[in-house]
Amino acid sequence: MGHFIFSPFYVYAYSFGELLVLSLYQMAKAEGPSFEGKYLELLTLGGSKSPENLMAIVGVDLKDENFWRGGFAAMEALVTEFERLWAEQKSA
């Protein structure tokens, strides 16, 4: 837990990564099988390029608000599902 205290502003990467992967997941669902090759290429490059150049491989401009909206929509769906399940559990 030290990284929360001794490395200020480090943990933003968790939120960024989660939103990024949720947004990519929305793209993958929309594009279907054609997304796989681009995604595998992205993974094989690891951290060898800048985030902007890595995301360009899958056709993403990190400054494009619409890309990020896909991730927020996925997160909202998860929260909505949690709230529904919680309400069911409380009424059971």
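The figures follow:
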{"read-out": "Calculated diffusion of the chain, Stokes-Einstein form, Kirkwood radius summed over Cα pairs, 25 °C and 0.890 mPa s, µm²/s", "value": "160"}
{"read-out": "Simple label model, 7 Å out from Cα along Cβ direction - residue 28 to residue 72, nm", "value": "2.3"}
{"read-out": "Axial C-alpha extent at least 20 Å, average Kyte-Doolittle at least -0.5 - helices from the chain (DSSP)", "value": "12-31, 65-91"}
{"read-out": "Ranked 11, 60, criterion: other C-beta atoms within 10 Å, fewest first", "value": "11, 60"}
{"read-out": "Added length on full extension, which subtracts the Cα-Cα distance from 0.36 nm per residue, residue 91 to residue 53", "value": "8.7 nm"}
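Since every read-out is calculated from the coordinates, none of them should be taken as a lab result. Keep in mind it's a predicted model, so treat the numbers as computed, not measured. In this analysis, Cβ positions are derived from the backbone assuming ideal geometry, glycine residues included, and neighbour counts consider all displayed protein chains.
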